[in-house]
Structure formats: C-alpha cells, structure tokens
Amino acid sequence: MFGNRSPATPARRYEYLLLTVLFLSFGFVFFDRQALSFLAPYIDGDFGLSNTELGTLSGVLALTWALSGLFFGRLSDRLGTRKPILIAAVLMFSVFSAASGLMTGFVGLLIARALMGIAEGAVLPIAQSLMVEASAEHRRGLNMGLVQGSSAGLLGGIVCPLVAVWIAEEHGWRTAFHLTIIPGLLIALWIWRSVRETPPLGRVTATTERTPTAEKPSLWQVLRHRNVLLCVLAACCYLTWFIVIITFTPKYLTDVKGFAPGTMSAVMTCFGVAWVVWGFLTPAISDRIGRKTTMIAFTAVAALCPLAVVYVADPLLLGVIVVLTYTGLGCFTLFMATIPAETVHPAALATALGLVMGVGELAGGFLGPLVAGWASDIWGLQSAMFIAAGGAVLVVLLSLGLRETAPMVLRRRAAAAAQEPEPVR
C-alpha cells in the first residue's frame with residue numbers, strides 16, 4: 001500500500017509531474033471529442049445533419065473507443081508496458097481529429113470519428129493505471145479525479161466551447177478541427193521525455209485483493225468481482241447520461257430554445273465549470289466518506305441536470321443550476337477507475353479499467369446516442385434529456401450494491417470494530 005511521502009522526495013515530485021502530463025493528455029482527448037458537439041450547428045449548415053446522424057457520429061466514436069479500451073488495456077497488462085502505447089495513442093487521435101476538417105460529407109466525417117475513437121480509447125486505462133501506481137494513498141481519488149474528471153471538464157467543457165465556437169465563427173469549423181493537432185503533438189513529446197514506465201518507488205498496489213497469482217487474470221475472472229460487474233453496468237447507464245447530454249444539449253438550446261450561438265456557448269461553458277469542480281471534488285470527498293456513499297448521493301443530484309435543460313427557460317438560471325447539478329462527471333472516476341483499481345489484482349489493473357470503460361462506451365456511448373437521436377427525431381429533442389435522466393436513476397440503484405473500497409473508510413471501520421466489546425457468552 002502507499003505510505004505518506006515527504007514533499008521533497010523524488011516520488012512526490014514525480015507524482016505531481018505525472019499528474020500534470022496526464023491531466024493535459026486526457027484533457028485534450030476530450031477537447032477533440034467534444035469539438036463535434038459544439039461545432040454541430042456549423043457542420044449542419046454544410047451537411048444538413050439529422051438528429052440520428054448526429055447521434056451516429058457521436059456513437060461511432062464511442063464504439064471504437066470501447067473496443068480500443070478493451071484491447072489496449074488488456075494488451076498493456078500482457079506486455080507489461082504502457083508508455084509507447086500512450087504516446088502512439090496521443091499522436092494518432094490528434095491526427096484523426098485534424099482530419100475531420102478535411103471531410104466533405106457525413107460518411108467521411110463518420111470514418112474520421114471512428115479512427116479517432118480507436119486512438120482515444122487507449123488513453124484512459126493506461127493513464128489511470130500509471131496514475132494509481134504513482135499516487136500516495138490519501139491522494140489517490142483526488143489525483144485520479146483530476147486526470148479523468150477535471151481535465152476533461154476544463155479542456156473539453158470550458159476551453160472547447162469557447163475556443164471551438166470562436167474559431168468557427170471567425171475562420172470556419174474546418175479550421176477549428178485542423179488546429180487540434182498542435183497540442184496533441186506537443187503533449188506526445190512531453191510524455192516521451194517525462195513519463196516513466198515505473199514510478200520512483202516501483203510499482204505498488206492500490207488493490208484490496210490479497211490473493212497472489214502467477215498468471216494474468218482472465219477477463220472472466222476480473223468480471224466475477226462484484227464491484228467490477230456493478231461498475232460495468234453503471235458505466236453503461238452513466239455513459240448514456242453523459243454522451244446524450246453533451247451530444248444533444250447544444251442543438252436543443254439553439255433549435256428548441258432559440259438561444260443564439262454565443263448564449264449556447266456560455267451555457268455549455270457552465271457544464272465545463274461544473275465538470276472541473278466536481279471532477280476533482282467528488283473523488284476527493286469519496287476518499288473521506290467512501291466511494292459507495294459518494295456514488296449514490298452525487299448521482300441522485302446528477303439525474304436533475306438534463307431535466308433542468310428541458311424545464312428552465314432563463315439561460316442565466318439554467319447555467320447556475322447546471323453548475324450545481326452536473327455532478328456526475330466526478331463519479332466517472334470512481335466507477336471507471338478508482339473502485340475497480342481498489343478491487344482487482346494489480347496484474348489485471350489496466351484490463352479492469354479497459355473493461356469498465358469499453359463496455360460502458362459500447363452500450364452507453366454508442367447505443368445511447370443512437371437511441372436518443374432516433375427518439376428525438378420522432379418525439380422531439382426533449383426525449384434525449386429524459387433518457388439521460390433515466391440513466392442516472394439506474395446508476396443510483398446499482399450503486400446500492402457496491403462494496404466499499406476507500407482505504408480511510410475501511411480503516412475507520414476496522415478500528416471501530418476492534419473497539420467493540422466481546423459479546424457475553
């Protein structure tokens with residue numbers, strides 16, 4: 001297990017360096033992924049996209065992201081190496097994102113998004129497996145939340161709508177895609193120069209699993225863990241909540257509510273603000289009060305967010321409510337990384353993370369927006385928001401069955417149990 005580390009130690013300095021590198025790496029993954037949603041009103045002017053086609057563009061990236069996460073998470077565990085895969089993934093998703101601006105129709109854009117998903121899917125399981133091994137125990141949830149939640153919120157939720165919409169207004173949506181290659185190339189170079197395959201104190205385990213193993217656990221053995229199975233199911237529902245909201249809200253605000261592009265961009269920036277705040281705050285709170293309690297409470301609040309998009313008319317009030325209710329992205333770190341990492345054998349770490357992310361993206365990220373787009377074409381865009389809310393409600397129910405894994409909470413429970421008097425016989 002991790003012990004306390006002095007601020008002056010090389011391990012502590014490397015922990016912060018790795019946190020910064022991976023924060024920016026996954027942040028730009030989501031910058032590139034989110035760009036399509038914010039540029040959809042401009043692309044629609046050229047291609048005439050239907051809601052179903054918009055959902056398909058979002059869904060195909062999630063499909064290839066899912067398959068890629070499953071494959072590369074398993075591959076990195078088998079090979080025992082992660083850094084080369086991470087560098088290649090960052091380079092390739094940047095290239096394919098920039099290529100989106102070259103496409104002249106729906107099919108070409110679909111192919112570019114599919115290839116982009118293959119590259120991006122490898123980033124999260126590898127990044128989080130590196131981060132969990134380099135993190136001090138009492139900062140594990142916080143660090144993993146910053147890598148997965150706050151980074152995506154800052155760059156994908158705040159910077160992307162402001163920058164992408166501004167570039168599209170001034171220079172066209174194609175230029176906005178082309179420029180995404182620059183940060184990716186710089187980050188890949190930084191990973192190559194700075195990231196280590198093994199942290200200074202060596203590979204250490206965050207898991208509560210005590211059973212030694214001489215072989216790499218199979219996918220079936222990983223899935224037999226109750227927490228992993230529940231996290232996989234939660235990922236399917238939570239990805240539906242997230243992808244449906246982020247895919248259809250910009251168009252809902254402009255087409256249904258009549259917001260101007262600048263107003264839509266400002267409201268979407270509020271999603272990004274909430275994403276940043278809750279992205280690190282929620283996992284940090286879970287370090288203290290427990291993963292299970294945090295999942296239940298914050299997901300219940302998150303179910304209200306898509307309903308606010310439908311029923312709150314004033315953009316200023318909607319922005320405030322979004323900041324207060326868009327709490328689910330902080331939970332993503334818990335069910336997609338922290339809880340599985342604290343559950344499975346360390347030899348299956350990247351496999352477990354890739355499994356949860358992959359199946360979740362396949363069901364929630366791929367099928368979710370397809371169903372929501374089809375329903376929106378039939379019954380109106382508000383149908384997508386109701387589907388998103390339903391996904392969050394299902395996660396609350398699934399979270400009731402989780403077994404606690406937070407080290408601080410488990411130690412408190414063990415200490416309390418030790419102080420209880422022996423029963424009189």
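Yes/no matrix, rows are residues, columns are (1) open to solvent by less than 20 Å² (accessible area, probe 1.4 Å); (2) over 27 Å from VAL344 (Cβ atoms); (3) in contact with an Asp or Glu (Cβ under 9 Å, 6 or more places away or on another chain):
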position	(1), (2), (3)
ARG78	no, no, no
THR81	no, no, yes
ALA88	no, no, no
MET92	no, yes, yes
VAL95	no, yes, no
GLY101	yes, yes, no
PHE106	no, yes, yes
LEU110	no, yes, yes
ALA119	yes, no, no
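Just one residue in the set VAL273, VAL228 is open to solvent by less than 10 Å² (accessible area, probe 1.4 Å), in contact with a helix residue (DSSP H, G or I) (Cβ under 6 Å, 6 or more places away or on another chain) and part of a helix (DSSP H, G or I); that residue is VAL228.
Selection over the range 368-397 of residues that are out of contact with any Ser or Thr (no Cβ under 8 Å at 6 or more places or on another chain), of a type in the set (A, V, I, L, M, F, W, C) and surrounded by fewer than 20 Cβ atoms within 10 Å (Cβ to Cβ) gives a count of 7. Within the range 1-49, restricting attention to residues that are among the hydroxyl-bearing types (Ser, Thr, Tyr) and part of a helix (DSSP H, G or I), the residue that is modelled with the lowest pLDDT is SER37.
Consider the range 238-264 and keep the residues that are open to solvent by less than 10 Å² (accessible area, probe 1.4 Å) and of a type in the set (S, T, N, Q). The one that is modelled with the highest pLDDT is THR249.
Does the range 332-349 contain at least one residue that is small (Gly, Ala, Ser) and within 18 Å of THR247 (Cβ to Cβ)? No, the range 332-349 contains no residue that is small (Gly, Ala, Ser) and within 18 Å of THR247 (Cβ to Cβ). Could you list, in sequence order, all residues of the range 340-364 that are in contact with a helix residue (DSSP H, G or I) (Cβ under 6 Å, 6 or more places away or on another chain), more than 16 Å from LEU239 (Cβ to Cβ) and open to solvent by less than 10 Å² (accessible area, probe 1.4 Å)? Answer for the range 340-364, where residues must be in contact with a helix residue (DSSP H, G or I) (Cβ under 6 Å, 6 or more places away or on another chain), more than 16 Å from LEU239 (Cβ to Cβ) and open to solvent by less than 10 Å² (accessible area, probe 1.4 Å): ALA341, VAL344, ALA348, ALA350, THR351, ALA352.
Taking (1) touching a residue at least 40 places away in the same chain (Cβ under 8 Å); (2) in contact with a Cys (Cβ under 6 Å, 6 or more places away or on another chain) in turn, PHE298 satisfies each apart from (1).
The residue pairs whose first member lies in the range 372-398 and is in contact (Cβ under 8 Å) with a residue 60 or more places away in the chain and more than 23 Å from ALA300 (Cα to Cα), whose second member is surrounded by 17 or more Cβ atoms within 10 Å (Cβ to Cβ) and among the aliphatic types (A, V, I, L, M), and whose beta carbons are closer than 8 Å, counting only pairs six or more residues apart or on different chains, are GLY373/LEU54; GLY373/ALA384; SER376/ALA384. In the range 66-75, the residue that is nearest to GLY373 (Cα to Cα) out of those that are in contact with a Leu (Cβ under 9 Å, 6 or more places away or on another chain) and open to solvent by less than 10 Å² (accessible area, probe 1.4 Å) is ALA66. Pairing each residue of the range 17-34 that is within 15 Å of MET357 (Cβ to Cβ) and in contact (Cβ under 8 Å) with a residue 12 or more places away in the chain with any residue that is of a type in the set (Asp, Glu) and part of a helix (DSSP H, G or I), provided the two are 6+ apart or on different chains, yields C-beta distances under 7 Å for VAL29/GLU120; ARG33/GLU120. Here is the figure for the range 14-46: residues that are among the polar types (S, T, N, Q) and within 19 Å of ILE245 (Cβ to Cβ) total 2. Out of all the residues in the range 129-136, is one or more in contact (Cβ under 8 Å) with a residue 60 or more places away in the chain, farther than 26 Å from PRO283 by Cα and assigned to a helix (DSSP H, G or I)? So far as the range 129-136 goes, no, none of its residues is in contact (Cβ under 8 Å) with a residue 60 or more places away in the chain, farther than 26 Å from PRO283 by Cα and assigned to a helix (DSSP H, G or I). THR405 falls short on exactly one of the conditions (1) outside any loop (DSSP other than H, G, I, E, B); (2) within 20 Å of LEU142 (Cα to Cα); (3) open to solvent by less than 30 Å² (accessible area, probe 1.4 Å), and that condition is (1).
Just checking, does the range 45-62 include any residue being open to solvent by 20 Å² or more (accessible area, probe 1.4 Å), farther than 26 Å from THR249 by Cβ and hydrophobic (A, V, I, L, M, F, W, C)? The answer is no, given that none of the residues of the range 45-62 is open to solvent by 20 Å² or more (accessible area, probe 1.4 Å), farther than 26 Å from THR249 by Cβ and hydrophobic (A, V, I, L, M, F, W, C). Within the range 301-337, restricting attention to residues that are touching a Cys at 6+ places or on another chain (Cβ under 6 Å) and open to solvent by less than 10 Å² (accessible area, probe 1.4 Å), the residue that is farthest from SER135 (Cα to Cα) is GLY319.
The values are calculated or read from the model by the stated rules, or taken from the named source; none is laboratory data. Values in this document were obtained by computation on a predicted structure and should not be read as measured data. Cβ: placed from backbone, ideal geometry, glycine included. Neighbour counts: every protein chain shown. These accessible areas exclude ligands, DNA and RNA; they are computed on the full protein's heavy atoms, side chains included. Shrake-Rupley method; radii C 1.70, N 1.55, O 1.52, S 1.80 Å.
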